[in-house]
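Colleague: Just dropping this structure here.
The values are calculated or read from the model by the stated rules, or taken from the named source; none is laboratory data. Since this is a predicted model, take the numbers as computed values, not measurements. Don't worry about glycine lacking a Cβ; one is built from the backbone with ideal geometry, like all the others, and counts go over all protein chains shown.
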Amino acid sequence: MVGPILRYRLRFPNLEVRYSLTNALLHRCTPNPGDALKGTSRLLDLLTANDFAGIHALINAMFAGIPADWHRKNNIADYEGYYASVFYAYFAAIGLDVVPEDSSSAGRLDMALKFNEQVYLFEFKVVEIEPEGRALQQIKDRGYAGKYKGLNQPIHLIGVEFSRDERKVVAFELETLKQ
């Protein structure tokens, strides 16, 4: 006779554990941890100012800092999830309200962020797999913003496209919906 099947769901017990884990992942994924701390502080400043060009530049600098050896003899850069995970860790390390794989009746958005009484919706694509321009278009086509319209806050739709060959962000498109 087989006993009952046990299932466990692991979660963060509190904000401090979540912050510590994501900060540790960020430090592991960057060659110079001191630069990572400066970058997270800078990211917070850029988000506060809604400086999307600055966010784009900062994200490109972060990906440029990932050693080429980490891509050698593996195909991790072929997958959208690799880029999304690094992006998520960078934002979550600050302790922001970040939701990866945000589900709604429209489907699953890659990442949602609520900050400073604003909503930021991110969709990620790898241009060698999907045609350029698909990330932002998918957010609009699937109506991912609908879930957040009742908040009466500005909603920023952000399509981020990566190139696995160039190992950087090649498109960072933005559209803001006013409430």
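Colleague: Check S85 against each of (1) at pLDDT below 85; (2) of a type in the set (G, A, S); (3) over 17 Å from the mean Cα position of the chain (by Cα) and name the one condition it does not meet.
Modeller: (3)
Colleague: Within the range 126-144, count every residue that is buried (at least 18 other Cβ atoms within 10 Å of the Cβ) and either of a type in the set (F, W, Y) or modelled with pLDDT under 85 (or both).
Modeller: Number satisfying all stated conditions: 1.
Colleague: Let me ask another. Find the residue count for the range 114-131, including only residues that are more than 23 Å from L46 (Cα to Cα) and under 17 Å from the mean Cα position of the chain (by Cα).
Modeller: Of the residues in that region, 2 qualify.
Colleague: Right, another one. Go through the range 132-178 and report how many residues are more than 15 Å from the chain's Cα centre (by Cα) and either without any contact (Cβ under 8 Å) to a residue 40 or more places away in the chain or farther than 16 Å from V86 by Cβ (or both).
Modeller: Counting residues in the range 132-178 that are more than 15 Å from the chain's Cα centre (by Cα) and either without any contact (Cβ under 8 Å) to a residue 40 or more places away in the chain or farther than 16 Å from V86 by Cβ (or both) gives 28.
Colleague: On the given criteria, is L109 farther than 19 Å from G54 by Cβ and either modelled with pLDDT of 95 or more or not hydroxyl-bearing (S, T, Y) (or both)?
Modeller: Spelling it out, L109 is indeed farther than 19 Å from G54 by Cβ and either modelled with pLDDT of 95 or more or not hydroxyl-bearing (S, T, Y) (or both).
Colleague: Among the residues of the range 92-103, is there at least one that is closer than 17 Å to D51 by Cβ and either crowded, with 19+ Cβ neighbours inside 10 Å or hydrophobic (A, V, I, L, M, F, W, C) (or both)?
Modeller: yes
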